[in-house]
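**Student:** To start, I am sharing the structure in question, which I have written as structure tokens.
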Amino acid sequence: MDDYALVLNAGSSSLKFCVFRRPRTGSWQLEARGQIDGIGTAPHLSAKDGHGAILTETKLEDSVCDGRAAIDALASWLRWKFGKARVVGVGHRVVHGGARYDRPVLITRDVLADLYQLIPLAPLHQPYNLAAIDRISERMPDVSQVACFDTSFHQTHNAVTKLVPLPKEVRKSGVQRYGFHGLSYEYIASVLPDVAPEIARDRVIVAHLGSGASLCALENGISVDSTLGFTALDGLCMGTRPGALDPGVVLYLYQGLGLSAKEIETILYKKSGLLGISEISNDMRQLLVSDAPEAKLAIDYFVYRATKEIGALAAVLGGVDGLVFTAGIGENSPEIRKRICEASAWLGVQLDTEANLKNASRISTRQSKVSTWIIPTNEELMIARHTGALLGLLQAVA
Ligand code: AMP
């Protein structure tokens, strides 16, 4: 029987997955990449094979209403598609590793208990990541599982960058800047030497612009700063999160408006950002085609924050040689890239309009002081590499 390994990225309403297979003789190969989305609303499974051909597009039963049911639905599909398979390892994306987990780790009961403690620091993601681990443990108790953290890549930040300037007593409880989207940035840093060798060893700002959005300052491929901090709320304007906020606003919501901590959490994680400003959508595509002034305001604010933070990270780096766009908006929206690049012209960013419109790889002119690129991210591949390295399994994953 062939060996299989899974990569899971479990969110609140989606479960992204990759399936790797190792034939009896041969190396690991990507067999399927897909997702179950609309969990709890209109569940739907889609998957492609390793070459991008569609394997399935299926509406799922309404009973797929949470992460556990999604894992069960995925297991049924895998059995139907691949027959009785021997799963030898599962790698998970886990958003928060806290101060303790500075690298991927084999999941044990103790590790899992630690990770549950971090739920208040990432309430939008961590519970769903951990629920997937729990369900796999129940279904396949003998299979090794690995947690790969979005925070680990930023452990290289220096003491000043990590600091949250509150009293020591508070900081002792783990209040510091961690940074997120680390698996995405680690992937980009890993491919820079091949894709954009001219900037790989220099000062690069990577803009991960998706539903969640942040920037990372890289120096020679190492993370030196990032716009996300203690939680995934800081920095840029996001789909439903506000980004950087005067902490006095939170105090006012609590003391002035009398909202509960839970209500404030819901506002900050689910009702703010592009959605809160526009009251139309958290989806950039919908805002870009809308004529509503509120949609325009939301886009203006998104671009303003991104541009402002690019300036801040350029100051941290003492200049910038490269700019990389990635994730849903960064990879697919010429309009947003154009606006951010034009607003960053003072840094020496000179956009090649044609290349940008074509979503080409290099999108700056030859004369541009800042070499500017689109590089599709691949967090799942990064998880597969880590899982393989840790379990000694997926050595041949490219
Ligand atoms: P992600 O979280 O990386 O999957 O990115 C999701 C975000 O990317 C959503 O706001 C989408 O609207 C946005 N997105 C995807 N494709 C496009 C596109 N062609 N133009 C603008 N935004 C896009």
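**Student:** Does region 131-143 contain at least one residue that is of a type in the set (A, V, I, L, M) and within 16 Å of the ligand (Cβ to nearest atom)? Spell out how you get there, then give the answer.
**Tutor:** Initially, region 131-143 is screened for residues of a type in the set (A, V, I, L, M), giving 131-133, 136, 140, 143.
The next check asks that each one be within 16 Å of the ligand (Cβ to nearest atom); those that pass are none.
No: zero hits.
**Student:** Looking only at region 186-226, count every residue that is more than 16 Å from the ligand (Cβ to nearest atom) and not charged (D, E, K, R) and tell me the total.
**Tutor:** Residues meeting the conditions: 20.
**Student:** Right, something else. Which of the following residues is modelled with pLDDT of 95 or more and within 16 Å of the ligand (Cβ to nearest atom): 312, 306? Let's see the steps before the verdict.
**Tutor:** Details: 312 fails: within 16 Å of the ligand (Cβ to nearest atom).
When all the criteria are applied, what remains is 306.
**Student:** Across region 315-332, what is the number of residues that are without any contact (Cβ under 8 Å) to a residue 60 or more places away in the chain and either closer than 24 Å to residue 358 by Cα or near the ligand (Cβ under 8 Å from one of its atoms) (or both)?
**Tutor:** Of the residues in that region, 2 qualify.
**Student:** Right, something else. Taking residue 79, is it assigned to a helix (DSSP H, G or I), farther than 26 Å from residue 184 by Cβ and in contact with a Lys or Arg (Cβ under 7 Å, 6 or more places away or on another chain)? Let's see the steps before the verdict.
**Tutor:** Details: assigned to a helix (DSSP H, G or I): yes; farther than 26 Å from residue 184 by Cβ: yes; in contact with a Lys or Arg (Cβ under 7 Å, 6 or more places away or on another chain): no.
Against the criterion (assigned to a helix (DSSP H, G or I), farther than 26 Å from residue 184 by Cβ and in contact with a Lys or Arg (Cβ under 7 Å, 6 or more places away or on another chain)), residue 79 does not qualify.
**Student:** Within region 164-241, considering only strands (runs of 3 or more DSSP E) that don't extend past its boundaries, which have at least 1 residues that are crowded, with 24+ Cβ neighbours inside 10 Å and out of contact with any helix residue (DSSP H, G or I) (no Cβ under 8 Å at 6 or more places or on another chain)? Show your work before the answer.
**Tutor:** On the way: elements: 203-209, 213-219, 222-226.
Counting at least 1 such residues, we get 213-219.
Residues checked against (1) away from the ligand (no atom under 16 Å from the Cβ); (2) surrounded by 19 or more Cβ atoms within 10 Å (Cβ to Cβ); (3) under 25 Å from the mean Cα position of the chain (by Cα):
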| site | (1), (2), (3) |
| --- | --- |
| 371 | yes, yes, yes |
| 377 | no, yes, yes |
| 383 | no, yes, yes |
| 389 | yes, no, yes |
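**Student:** Within region 227-251, restricting attention to residues that are touching a residue at least 12 places away in the same chain (Cβ under 8 Å) and of a type in the set (A, V, I, L, M), which residue is farthest from the ligand (Cβ to nearest atom)?
**Tutor:** Looking at the filtered set, the residue picked out is 250.
**Student:** Next question. Which residue out of 164, 191, 195 is touching a residue at least 60 places away in the same chain (Cβ under 8 Å) and over 22 Å from the mean Cα position of the chain (by Cα)? Write out each step before concluding.
**Tutor:** Working: 191 fails: over 22 Å from the mean Cα position of the chain (by Cα); 195 fails: over 22 Å from the mean Cα position of the chain (by Cα).
Matching residue, one of 164, 191, 195: 164.
**Student:** Moving to a separate point now. Just the residues that are within 15 Å of residue 314 (Cα to Cα) and aromatic (Phe, Trp, Tyr), please, taken from region 193-234.
**Tutor:** none
**Student:** Under 6 Å by Cβ, and 6 or more places apart or on different chains, what pairs join a residue from region 268-294 that is touching a residue at least 60 places away in the same chain (Cβ under 8 Å) with one that is assigned to a helix (DSSP H, G or I)?
**Tutor:** Taking only residues 6 or more apart or on different chains, the pairs are 282/274; 282/275.
**Student:** While we're on this one: Looking for something away from the ligand (no atom under 13 Å from the Cβ) and under 28 Å from residue 126 (Cα atoms) - is there at least one such residue anywhere in region 284-294?
**Tutor:** no
The values are calculated or read from the model by the stated rules, or taken from the named source; none is laboratory data. Computed from a predicted structure; not experimentally measured. Heads up, the Cβs are rebuilt from the backbone with ideal geometry, glycines too, and the neighbour counts pull from every protein chain shown.
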